[in-house]
Amino acid sequence: MNWVRKLDKKLLIVRCLGRILTALKEGDKVVELHLDEEERNSLLGNIYIGRVHNIVKNIHAAVSEVGDGLPCYYSLSDNKDPIFLKKGSSPKLQAGDELLVQVCRENLKSKPPAVTSNLNFTGNYVVLTTENKSIGFSSKLSKEEKQQLGEWLKPFVSDRFGCIVRTNAREADEATFQAELKLLTGIYEEVTEKAKFRKPLTLLHQNNPTTWLSSLRDTYKAGLTEIITDDPGLHEKIHHYLEHYQREDLDKLRFYEDPLLPLIKLHSLETALENALKEKVWMKSGAYLVIQPTEALTVIDVNTGKFDGNKNQQDTFLKINLEAAREIAREIRLRNLSGIIVVDFINMDAAENRKLLMEEFASWLKRDPIKTTLVDMTALELVEVTRKKLRKPLLDQFLATRNPAKNKSTNFSENA
């Protein structure tokens with residue numbers, strides 16, 4: 001049985017700090033937190049007719065404008081086959097060219113949004129892709145599950161697009177799975193047809209849910225027992241979204257009502273948010289982590305702290321490191337850390353202990369629904385991790401509640 005089936009998961013949606021706080025609990029632990037504006041539609045996933053403003057040769061990229069003239073980063077290295085709607089005389093990409101593009105990363109700190117010509121149409125169970133036209137399956141699906149889902153997929157196989165079957169597909173029946181495929185292929189055809197007749201910068205397809213509602217789509221369904229809110233307005237919006245896009249999860253929606261104990265207090269969500277913003281994280285053993293995000297990477301340091309364990313120093317170090325590996329994997333996901341993450345575990349003499357640590361760390365990182373890669377341990381025993389950049393880190397989401405104008409940068413010279 002896959003590990004995700006063993007977990008009792010609840011998705012909690014409440015109001016906090018004038019925003020919508022979405023918290024995912026696995027058992028008694030909060031593993032994800034997001035703090036979003038109620039009405040803000042995420043740019044992520046939106047498809048536009050982009051217009052090339054200029055080429056930035058030193059970073060091998062272009063500036064592509066979308067929407068109301070918003071400049072976006074377009075990597076020339078990652079986009080070998082632009083989808084041209086209007087092309088100038090030069091065989092190379094040039095200013096004035098019009099492209100079909102999709103926002104693949106929101107603006108992060110000083111970096112502007114990024115767009116790509118690899119269009120993705122994301123559902124609960126399947127992602128349609130236009131650049132990679134092969135069929136792929138989540139590595140978390142078993143051989144038997146892949147075989148069954150592959151059979152359900154056959155009527156939709158096309159040379160116009162590829163499909164990636166998500167982990168959530170294991171929770172779907174054939175009719176639900178194929179209904180979503182029919183919906184996604186219809187959206188793909190509608191977008192490509194509209195693109196022929198629309199003006200540059202036009203929004204052709206908007207990612208359906210507002211930012212906070214996207215958690216309903218992107219949460220692993222296995223083990224998810226309840227979607228709970230105590231706010232009537234949010235309950236109505238969640239119900240409407242589920243009814244139109246995820247009817248199979250409608251029976252999980254719960255309205256919590258207790259005037260003496262709000263949902264945010266019942267699950268200690270304010271405390272969870274406060275702790276997730278702290279630099280220091282204490283562990284049960286008395287050891288602690290120091291988590292320091294910088295512009296280029298995030299550094300995590302493991303310290304023995306008040307740990308009072310085995311007299312054998314190396315055994316003590318191993319116990320602390322194994323506990324730290326589990327907590328670091330949770331904190332990365334909880335804080336939505338991305339990019340390069342460097343972990344300074346406590347140095348250990350025995351090679352077998354270092355091997356055990358890396359195996360334990362890798363197994364916990366695999367639980368993250370966002371692609372997270374354990375790269376290696378360097379000669380200095382620093383462990384390198386990379387995590388795909390999608391949404392803003394939790395700290396940036398929190399700081400935006402104090403300064404809504406934050407992160408409007410269009411500094412392309414720093415966008416490597």
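The values are calculated or read from the model by the stated rules, or taken from the named source; none is laboratory data. Keep in mind it's a predicted model, so treat the numbers as computed, not measured. Methodologically, a virtual Cβ is constructed for each residue, glycine included, from the backbone with ideal geometry; neighbour enumeration extends over all protein chains shown. When the accessible area is computed, the model is the full protein with side chains, heavy atoms only, and any ligands, DNA or RNA have been set aside. Shrake-Rupley method; radii C 1.70, N 1.55, O 1.52, S 1.80 Å.
Less than 11 Å from a label point 7 Å out along the Cα-to-Cβ axis of Cys16: which backbone N atoms in the range 202-226 qualify, by residue? Under cut-off, by backbone N: nothing.
For the residues Asp218, Asp68, Asp97, a 1.4 Å probe over the protein chains yields an accessible-area ranking, largest first, of Asp68, Asp218, Asp97.
In the context of the full protein assembly, Arg51 retains an accessible surface of approximately 80 Å², using a probe radius of 1.4 Å and ignoring ligands and nucleic acids.
Label-to-label distance for His240 and Asp349 is 6.6 nm, based on points extended 7 Å past Cα in the beta-carbon direction.
For Asn275, project a label point 7 Å along Cα to C-beta. Then give me every residue of the range 198-236 with its amide nitrogen under 20 Å of that point. Answer for this model: none. In terms of accessible area, using a 1.4 Å probe and ignoring ligands and nucleic acids, Asp231, Asp396 rank largest first as Asp231, Asp396. For the range 246-286, the percent of C-alpha pairs falling in each 5 Å distance bin, counted from 0 to the bin holding the largest distance, reads 5, 16, 15, 15, 15, 14, 12, 7, 2, 0.
For the range 1-151, rounded, prolate or oblate, judged on the Cα gyration tensor with a ≥ b ≥ c (square roots of eigenvalues), a/c < 1.5 rounded, else prolate if a/b > b/c? In terms of gyration-tensor shape, oblate. Computed over the chain, relative contact order equals 18 percent, with contacts defined as Cα pairs under 8 Å that lie 6+ residues apart. The label-point distance for Asp78 and Lys182, in a model that sets each label 7 Å from Cα toward Cβ, rounds to 3.5 nm. What value, in deg cm²/dmol to 500, does the helix sum -39500 (n - 2.57) over DSSP H runs of n ≥ 4 give at 222 nm once divided by the residues of the chain? Calculated at 222 nm, the ellipticity per residue is -8000 deg cm²/dmol. In the complete set of protein chains, residue-level accessible area for Trp282 is approximately 120 Å², probe 1.4 angstrom. Between Gln206 and Leu380, the simple label model (points 7 Å from Cα in the Cβ direction) yields a spacing of 4.8 nm.
For percent of Cα pairs over 32 Å apart, the candidate list reads (1) 33; (2) 47; (3) 42; the entry that matches the value derived from this model is (3).
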